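Shown next, in structure tokens, is the structure this report addresses.
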Amino acid sequence: MSERYVPKAYSPDSVPRVVERTAHDIVIVGGGAAGLRAAIAAAQTDPDLSIAVVSKVYPMRSHTVSAEGGTAAVLRDYDSLELHALDTIKGSDFLADQDAVEFFVARCPKEIIQLEHWGCPWSRDPDGRVSQRAFGGMSVKRTVFAADKVGFHILHTLFQTSMKFENIHRFDEYFVTSLIVDGGACAGVTALDLRGGRMVGIGGKATILATGGCGRVYEFTTNGFIKTGDGMALAYRAGVPLKDMEMVQFHPTCLPGTGILITEAARGEGGYLINKDGERYMQRYLPSKMELGPRDILSRSMIQEMKAGRAFDGPYGQYLGLDLRHLGAATIDQKLPMVRELAEKYMGLDPIHEPIPVRPGQHYIMGGVSTNSTGETTLPGLYAVGETACVSINGANRLGSNSLSECLVFGEWCGLAAAQHAKQKAAYPRGAASREALRKEEARVFDGLMGRERGKETLAGVRVEMQQLMERDVGIFRDEAGLADACGKLAKLRDRFGSVGMADKDRVFNTEMTGVLELDFMLDVAASIAHSALNRRESRGAHSRTDFPNRDDANYLKHTLAYRADGAPRIDYVPVKITKWQPVERKY
Ligand SMILES: Cc1cc2nc3c(=O)[nH]c(=O)nc-3n(C[C@H](O)[C@H](O)[C@H](O)COP(=O)(O)OP(=O)(O)OC[C@H]3O[C@@H](n4cnc5c(N)ncnc54)[C@H](O)[C@@H]3O)c2cc1C
């Protein structure tokens, strides 16, 4: 009888703690829309170019998958690039760089057609043309969609396309912990292989950060648990400034309790916002646009309705109603099937018969790693793209459906620029800097963090305090006292973070460890948001200061740059680029 096979018991000590990997031409951190679009663009330029896509989750779990409503592009005769640019710039409250916006709008249509050719199932009109729906702040129907599961279909299309390229190498479930900087240039990343429980060096001649947003810095957000601003913190720690971090978008229609988004497409298809008296209250705040105003104005209007006592009260506090009943079952089922599903599953009601309870929640960040239009940062060899970057086309307020288009347009250009940069460099980075970075990270993560005993602070305790603080003092409405208090308390939370203990000592899939690494990143990001907000003493777009209620172009028509420094971030400014649209009062 043959001997029974007995697998060797897994022992973490039998696995080496550190592995130095072969270097690649380009290392892309992030497998969402921006990262995959960049990977495909770079791969297409040369089959010999070796591209690593590193993602802390399986790429199809990237947050792009949750995008619902659509992606903007000028496709019809009734529209124009000029109008798309103007809507975007006006929506940004004139803080967007106008050269970047012109670059952007001109390239959106090509991306829609490109995705179509790669298999994206866009919704269509009866005449066979790609459908377009209305979205907040857009003057005409400009938002292309695939029902209300746009992010899923875009990500699927990009993911499948990326698999055709043998020169794209995936590192799924690798958590990037630091950038390798060698001789003043970025030379790749160190990453924790979550399954293997080891620290890995992934060298690259060019590195692209495509790590998405940072919504989890706030308590009430539409963003999933993975959106912790890692790329922003990685760049910030390497000396790259974060631009316009005070510009945080709050979406008006989130489900109370969970923060799950009810897409703007629900209003684009004709949904009403109502208060407890059944009144379409937007007639008081923005009669020309009503429910299709930009998100900053709609979110503030909701808070004002709540303060005036015209909101509903529920187990999760005050809320307003999103009424779709008049659209009828056929439209809801055809155009908004996910909205119906979410309302049924998470609120236990059918929007065909009842309004959906909604309240504003953190949704997106306009700010991010400061880049130019091809994603270049101030650190040679380092690029950033997608929600983690600030190009800037969104300025002080992003228009819904411009973000996915931004990931596609700038993803392509960033991929091309990184490919060009990599081709100009003869040697792969594999030197002493990489080994040194690996050694440092090995000691920091496996000895420093994992070696911590249970302390008086807990991971959840510090995280929740940070989130509540940001919600309360750095939320929709802000003032000097609250912001100064938040800055002080965030510094104390940073100190307290040093006493957060770790109970789980296993190196494999240690979610407590990734939680600690993410909190470390979020504390940097939160501080950059609060300090940038404290220093902008005006109201512009999503940054609404009750003590400085007006826009102040004389002093603040400029981008904030936050640099990492000892203690508080150092704040500086650079001018906004104006091409042809002179700033005027933002009226709708
Ligand atoms: C609920 C919801 C609905 C939305 N709907 C729309 C919409 O209809 N239209 C629109 O234009 N925009 C929409 N947005 C915004 C838009 O979806 C996002 O801005 C966009 O998808 C971001 O894409 P990204 O590629 O930059 O990042 P993501 O898709 O978030 O991908 C980030 C990637 O980085 C990786 N990563 C992060 N940190 C690390 C690390 N430390 N190590 C390794 N990998 C890491 C992640 O694993 C992931 O692969 C929506 C947002 C939300 C939350």
Q: Could you look through the stretch 445-463, keep only residues that are charged (D, E, K, R) and part of a helix (DSSP H, G or I), and pick out the one that is surrounded by the fewest Cβ atoms within 10 Å (Cβ to Cβ)?
A: Asp447
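Tally up the residues in the stretch 50-70 that are of a type in the set (Gly, Ala, Ser) and more than 8 Å from the ligand (Cβ to nearest atom), please. Let's see the steps before the verdict.
Going residue by residue through the stretch 50-70, those that are of a type in the set (Gly, Ala, Ser) are 50, 52, 55, 62, 66-67, 69-70.
Filter once more, so that each one left must be more than 8 Å from the ligand (Cβ to nearest atom): 50, 52.
Total meeting the criteria: 2.
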**Q.** Meets criteria (of a type in the set (A, V, I, L, M), away from the ligand (no atom under 13 Å from the Cβ) and part of a loop (DSSP other than H, G, I, E, B)) for Val140
**A.** yes
Q. Is it true that some residue in the stretch 203-224 is out of contact with any Cys (no Cβ under 6 Å at 6 or more places or on another chain), within 27 Å of Glu436 (Cβ to Cβ) and acidic (Asp, Glu)?
A. no
Q) If we only count strands (runs of 3 or more DSSP E) wholly inside the stretch 234-343, which ones have 3 or more residues that are open to solvent by less than 10 Å² (accessible area, probe 1.4 Å) and at pLDDT 95 or above? A) 248-254, 317-323
**Q.** Residue among Tyr346, Tyr364 that is closer than 30 Å to Arg280 by Cα, surrounded by fewer than 24 Cβ atoms within 10 Å (Cβ to Cβ), within 25 Å of the chain's Cα centre (by Cα) and not aliphatic (A, V, I, L, M)
**A.** Tyr346
Q) Can you pull out the residues in the stretch 225-250 that are within 14 Å of the chain's Cα centre (by Cα), small (Gly, Ala, Ser) and more than 7 Å from the ligand (Cβ to nearest atom)? A) Gly229, Ala233
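Name the single residue that is nearest to Ser139 (Cα to Cα) among those in the stretch 71-86 being within 16 Å of the ligand (Cβ to nearest atom) and surrounded by 23 or more Cβ atoms within 10 Å (Cβ to Cβ).
Going through the stretch 71-86, the residues within 16 Å of the ligand (Cβ to nearest atom) turn out to be 71-75, 84.
When the remaining residues are screened for being surrounded by 23 or more Cβ atoms within 10 Å (Cβ to Cβ), the result is 71-73, 84.
Working: Thr71: 15, Ala72: 12, Ala73: 12, His84: 8 Å.
By that ranking, first place goes to His84.
The values are calculated or read from the model by the stated rules, or taken from the named source; none is laboratory data. Not measured: the values here are computed from a predicted model. Every residue, glycine as well, gets a Cβ built from its backbone with ideal geometry; the counts of neighbours run over all protein chains shown. Calculation scope for accessible area: heavy atoms of the full protein, side chains included, ligands and nucleic acids excluded. Shrake-Rupley method; radii C 1.70, N 1.55, O 1.52, S 1.80 Å.
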